[in-house]
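Chemist: The following block contains the structure, expressed as structure tokens.
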Amino acid sequence: MSERPSLQGTLAADASWNFGALALMAMAGAVISFVVVSQRGGEALGVFSQVYAIYVVVAQVAAMGIHDSAQKHAAQFSDDPVELNRLCRGALALAFLTSTAAATVLGLLASSLGVVTDSDAVGRGLLVVAPGVLFFGVNKALLGVLNGLRRMRAFALAQSARVVTILAVVVGVTLSSCPNWALVSGFVVAEMLVCLSLVVALWPRLRAAGSQGSASWRGRHFRFGLQALPNGLLAESFVRIDVIMLGLFVSDADVGVYSFAAFFVEGLIQIPVVIRTVVNPVFVKLLGRGDKAAIAKLSRRAGGSSLFITVMVALLVFLLFPLLGPWLGAALVAQGHDLLGILLLGLCVYAAFLPSDTLLLQAGLPARQSALMTVNVLVSVLLNGLLISSFGTRGAALATASAYGVSAVTLSVATARWLGMTRTLFVAPRDAAD
């Protein structure tokens, strides 16, 4: 009963703040897609999308799962200020080291990746965003602390600042005479500004911790993060495998058409992600108490809310999408509309389960969480490889939608096996306390 007020009050307020940030994100994604396609064509959007996809994957390596450890342990030690300060400083120091290494490697490999994707613009764009990787990894760790402490207003404001900055820079570059690869420079500017704001927000804890005890937390974060890394890396890849693999099979222009539809789906998938972010700290507390009935109840509430909101917004997006035809061209919008419909069907299934898809991580089982996501990604890679070669962009959409459905099954099986939940996840075991 102690969690009930939080679920009805604080969680609702937390969700509202982050849905506001999500609205900004959705608007920014739509505006970026519209402005880039209308001013520079599908090829420019294709370059932007490929650089973005690779950037996000590399940035997950930079984060090294430290943000997952920071979030989980900040929630666990939220009532212990001394330990909380130590783990916060330890997370920051470790994230800086891993992010610096990842940013350096990306910078060195940028040209080679341009050759692999058969696009000099992609290679140049990756060189531009390399410094952003450093700040991204640090930001992820600090955002993990805010999430664990349920400081969701500050969390939402940081996310909003990032989105607004990226939008402003991308639009400015699009309307200038800069080359297509310069479109991604907004990621660097945004991460630098967000990093500054997060350090200011958490400075009392970073300063109070001192050096004593933070070294042991660096080791603890590293061990937890290393096991969680495959999950973080593969989770980001999971929703972008289609774009990455299309870059190996089709032209930048075709990738651009697909990406135009996929951008809307990436925006919509943030609905269940926001709900997951809000409920994760509560899951940590419930899992610590072994309250399976409450876990099932929260999963059911979160999943039901996620499914309802996602279906409503997805339907609206699908119905309004054709109205973009007069501005972007009837052929491009018609092709994108077909792809969007397929992707949205898969997403609506995924939305019911995604708020609970890191339960293993919240239970302190990062290696098993990574194993679960590995299975999901392998399924997606296999399906994309088989269907893209035969059906092109339509095959990528079918493969991704199918992979979303499979992930719902694997989550239920994993939580049943490792957490003792039922195979439907949303129903508590008979022996669970009511």
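Chemist: Using a cut-off of 19 Å between alpha-carbon atoms, which aspartates and glutamates can reach residue 292, once sequence neighbours fewer than 8 places away in the same chain are excluded?
Modeler: 3, 357, 431, 434
Chemist: In straight Cα distance, which lysines are under 19 Å from residue 297, not counting same-chain residues fewer than 8 positions off?
Modeler: 285
Chemist: How large is the Rg to Rh ratio of region 263-337 when both quantities use alpha carbon positions and Rh follows Kirkwood?
Modeler: Value, to two decimals: 1.23.
Chemist: May I pose another question? Have a look at 228, 172, 193 and report the one farthest towards the positive end of the charge dipole of the chain, computed about the Cα centre with Cβ charges (Lys/Arg +1, Asp/Glu -1).
Modeler: It is 228, whose Cα lies furthest towards the positive end.
Chemist: While we're here: Taking the chain as a Gaussian network, Cα atoms linked when under 10 Å apart, which of 131, 230, 322 shows the biggest mean-square fluctuation?
Modeler: Looking only at 131, 230, 322, the largest GNM fluctuation is found for 322.
Chemist: Continuing with this model, one more query. In a shell of Cβ-Cβ distance under 14 Å around residue 44, excluding residue 44 itself, what net charge do Lys and Arg (+1) and Asp and Glu (-1) give?
Modeler: -2
Chemist: Also: So how tilted is helix 214-238 from the main axis of the chain? Cα-based, degrees 0 to 90, rounded to 10.
Modeler: Relative to the chain, helix 214-238 is tipped by roughly 40 degrees.
Quick note: the coordinates plus some simple rules give every number you see, no bench work behind them. Source: prediction; values computed, not measured. Because the Cβ atoms are built from the backbone with ideal geometry, glycine has one as well, and the counts that use them run over all protein chains shown.
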